Amino acid sequence: MGLCEQSRCWRCQGGAGAFRAAVGVLLLGFSLAQSTVPQPQCPKGVAPHSLNQPHYLNNSAVDTGVGFMKDIVQSFLHTVQPNPFPQDLLLTFVKDFNQAQSDQNIIKEALQYEVGFLVCAAIGIIYIVLMPLVGFFLACCRCCGNCGGKMHQEQTSGMHCRRRALYWSTFITTLIILAGNICMFKSNEALKVSVDKSAEDLNITIDNLHIFLGAVPQQFDRVVNESYKTVHEVSENLNDIGPQLGREIQQSFKGTVDPALSSVRAMDQETISTSNQLRELNSSLARLQSSVNLLQANVSDVKNRINRTSLNPNCINCGSLQPELQKLTLDTTITTSSLTELQSGVDEVIKADLKSQIRKVEDYFSSIPQRVTNDTKDVVQSTKQQLEEIKTQISQVKNDIPLSALSNVSDRLDQLQREIGTVTPTVDTAEYIRWTVCVALCCVVLLVVVCNILGLLLGPLGLKPKADPADRSCTANCGGTFLMMGAGFSFLFGWLFMIVVLLLFLLGGNVYTLVCQPWDNGELLKFIDTEGVIPGFQLGPMLGLKSNLTLTDIYSDCEKNRPLWSTLRLYELVDLEDLLNVSKYTEDIQQHFENTDITLSTITFLSPDVQNQLSSFSAKADGADFTGVTQQINNISSINLNTTADKLEELATVQTNDGIKAELRAEARDLRQIQTNIEITIIPQLNQLSAAIESLRSTAEKINGTVGEVLSNVGAAQDFLNTNTTQIVKSESREFLDCQMGYFTAFADWANGTITQQIGRCGPVSGAVDSAEIIICSHMVESLNAFWFSLGWCLIFFIPSIIFSIKLAKYYRRMDSSDVYDNHIIMNHIPRAQMKPY
């Protein structure tokens, strides 16, 4: 029977045919095995890989070598300036600088904020003023013979103790100045290294920003290109819908059709085997019949001769041969009429040609992919048009995001890089001059240290404790002279160097407290974010955002290496969920598929005539009488002519007539010869025939079960095919479509996660800010502050160095006159020369 009904979405036409029963068996087995056989999974497309983040240049930090002074200098600056960042005060100056200059309250507030620096500046000014004045008056006073200017030294019991105390005080002070001088050299060199490396570090930072800005559009392009790949892959699958969907439909039938076809093939093999066995049996029977006929003729001839001999009157007791003559009447008939019915049944099945039925089923299943291709040609074309619309929709994501702003920033970075290259030679020249001047300052301080050290070395080296002060050696006198030179250089250059310290202190200290410190703790960015600091700068409205966006927010997010989607709040500009919502297109595609009919006409697996022939074949195989044939074979096998021959031999012994005796013996001999022929020729043929009968019997016993199984399976399969083919085709078609639409769903999820979580990880932006802070603050400002602090450190200790070295010098210089101290009696010597100041 055929299925001619039309369903709404999917339709299968059918009619009676040989294929229907086989497919019914297949689907029946499939339905029974659904709980154990895994369903075919949707073939996965090539999953998009995660975005490869760009590789940035390493901006290796330079160890300036002044880190050990960082805590000391910053601690000093925090003591000088303990006030918090003056955001309100700076904002007042930024908004209206001219008005702030004339506002006394604002000026007073500014002075109060800078009171620490002002106090330190006042101390520095006092140092600058007093140092040359004190030096001038001291020089004048000593020239007049006062303030230790007289070349006379009293001898007292505590003189040596005072000299040692002054020596170690000068030595310790000199070491402190030397430590400060070493710090000056290191900080000066660190500042030079920082300035020299700053251009390279800035270029690396800008290059990283270029890499970042260039990578963002490329990452968006990657997302769009992946959408094109997805559309292309689905289009290719639709072009290949016949083989793909047809293969799935075939796979759904395979679990049941294959066993059914296998059973029919087995039936065909058994039929052929039975036919071959019958042919072999008939051949064996023909050969046996020829041998039996010859046997029958020979036995009849011998029987007639025995009969004639027994009728001879001269034959003694020949009447006893009559029973033996009855035995020589042999039953050699073998009738195979029951096997003839089996042969006719086999011939009918062979005539039905089961192989052609199997080929018909296989050809039908092989044609399913082409049927699917033909029936879905229109829907595939319309679906591919929808896919092009999806491609356009996804590419709109890139157009809706303001990537042009990144190009503008990149152009400005190029301009900045060119300006850095233009300014670098001038900066290098200025830095070389600064470094040279600072080296000169360091060398002057080192000169003071060298003078002190030479004085401390030569003085004790040439001093004899018991020698008269007026008779001191030239070595000791040179040591005292070097000490006086160190004091003189301190007076001469100290006040000038303090001017440098004061200027650098005001510059570096204020840069640290007003720029570097708030930069480090984030207050500087918050100040820049304050409305009015940068006129007209509102990042949120500039990007078209509804909410305000601050630099602090951007830096905080970039410090965590977050993507631009959340950092710049692009979700306020682009409705990504709507752009990546492909369901509105997939619904149309599904509707087109629902309105498409894929027609699969049913086919009859085995016609009723073939089934009747198989039933008849089974009945004839079951009715075949192999026992009668076997019994007939056994009858022939039981023939034994030797017993009759023995009887003839025994009778020949009692005969007196030699002629009769000879005849009986000749007849016995012939019977024995016939029996020998039977054993040599007929018995093997009988055994062969018996084996053929047994083989045929075994095959015939299986035929009934095989035919029953085939008929049962085919009938059940035919019924299942008639009722479930439409549902199978519809289910597989929906699964194929869901699979294709699943590609878009997977891509949309990937694109959403990529855009919102991976594109534009802005770590390089915060890295650029941090690099600028390191270059300006951690390197330059830190080295600059270390330099003025070290120089100021040396200048402060110039004061005790001057005092101790001047006092110590008198213990080493050669005096013009001296006292003699012996046994507590002091005797005044007459001066050898006029007392001279030094």
Span from the region 475-490 Cα centroid across to the region 552-584 one, whole angstrom: 74 Å
Between residue 171 and residue 103, take the C-beta separation as r, use R0 = 60 Å, and let me know the FRET efficiency to the nearest 0.05. 0.65
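Which of the GluC sites (Glu not before Pro) found in region 430-537 are loop residues per DSSP with 15 or fewer other Cβ atoms within 10 Å of their Cβ?
Values: sites: 431, 523, 531; in loops: 531.
Taking region 430-537 and a limit of 15 other Cβ atoms within 10 Å, the loop GluC sites (Glu not before Pro) found are 531.
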From the phi of every residue in region 758-774, what ³J(HN,Hα) in whole Hz does the Karplus formula 6.51 cos²θ - 1.76 cosθ + 1.60 yield, where θ is phi - 60° and glycine or proline is x? 10, 5, x, 5, 8, x, x, 5, 5, x, 5, 5, 5, 5, 4, 5, 5
Stretchable slack from residue 433 to residue 656, in nm (0.36 nm times residue separation minus alpha-carbon distance): 63.4 nm
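With a ≥ b ≥ c taken as the square roots of the eigenvalues of the C-alpha gyration tensor of region 214-308, please select rounded if a/c is under 1.5 and otherwise prolate if a/b is larger than b/c or oblate if it is not?
Details: a/c = 10.73, a/b = 6.99, b/c = 1.54.
It is prolate, given that a/c is not under 1.5 and a/b is the larger ratio.
Could you calculate the FRET efficiency of residue 673 with residue 351 from 1/(1 + (r/R0)^6), where r is the beta carbon distance between them and R0 is 45 Å, rounded to 0.05? Spell out each step's value before the answer.
Numbers: r = 48 Å, r/R0 = 1.07.
Once rounded, the FRET efficiency stands at 0.40.
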Rounded to the nearest Å, what's the spacing between the alpha carbon centres of region 734-765 and region 625-684? Just the number, please. 100 Å
Residue by residue through region 308-313, what is 3J(HN,Hα) from phi via Karplus (6.51 cos²θ - 1.76 cosθ + 1.60, θ = phi - 60°)? Round to whole Hz and write x for glycine and proline. 5, 5, 5, 8, 5, x
Taking Lys and Arg as +1 and Asp and Glu as -1, residues besides residue 115 with C-beta under 15 Å from its C-beta add up to -1
Can you compute 3J(HN,Hα) from phi for each residue in region 75-86, using the Karplus curve 6.51 cos²θ - 1.76 cosθ + 1.60 with θ = phi - 60°, rounded to whole Hz and x for Gly and Pro? 4, 5, 5, 5, 5, 5, 10, x, 6, x, 4, x
Which value, in Å², gives the accessible area per residue of region 446-529 when a 1.4 Å probe is used on the protein heavy atoms? 44 Å²
Can you list residues from other chains, or at least 5 along the same chain, whose modelled amide H is less than 5 Å from the amide H of residue 316? 656
Given 303/661; 391/730; 377/730; 229/384; 108/526; 229/391, which pairs have Cα atoms separated by over 19 Å? 391/730; 108/526
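For residue 409 and residue 577 in the same chain, what is the full-extension length gain: residue separation times 0.36 nm, less their Cα-Cα distance, in nm?
Details: separation 168, 0.36 × 168 = 60.48 nm, distance 2.86 nm.
Length gained, residue 409 through residue 577: 57.6 nm.
Beta carbons within 10 angstrom, averaged per residue: use that to sort the peptides 567-574, 410-417, highest first.
By packing density, highest mean first, the sequence is 567-574, 410-417.
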For the pair residue 550/residue 301, report the inter-label distance in nm, with labels modelled 7 Å from Cα in the Cβ direction. 13.6 nm
Rounded to one decimal in nm, the spacing of the 7 Å Cα→Cβ label points at residue 712 and residue 258 is 2.2 nm
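The values are calculated or read from the model by the stated rules, or taken from the named source; none is laboratory data. Note that the coordinates shown come from a computational prediction; the quantities given were computed from them, not determined experimentally. Glycine gets a Cβ as well: all are built from the backbone with ideal geometry, and neighbour counts include every protein chain shown. The area values use the complete protein model at the heavy-atom level, side chains included, leaving out ligands, DNA and RNA. Shrake-Rupley method; radii C 1.70, N 1.55, O 1.52, S 1.80 Å.
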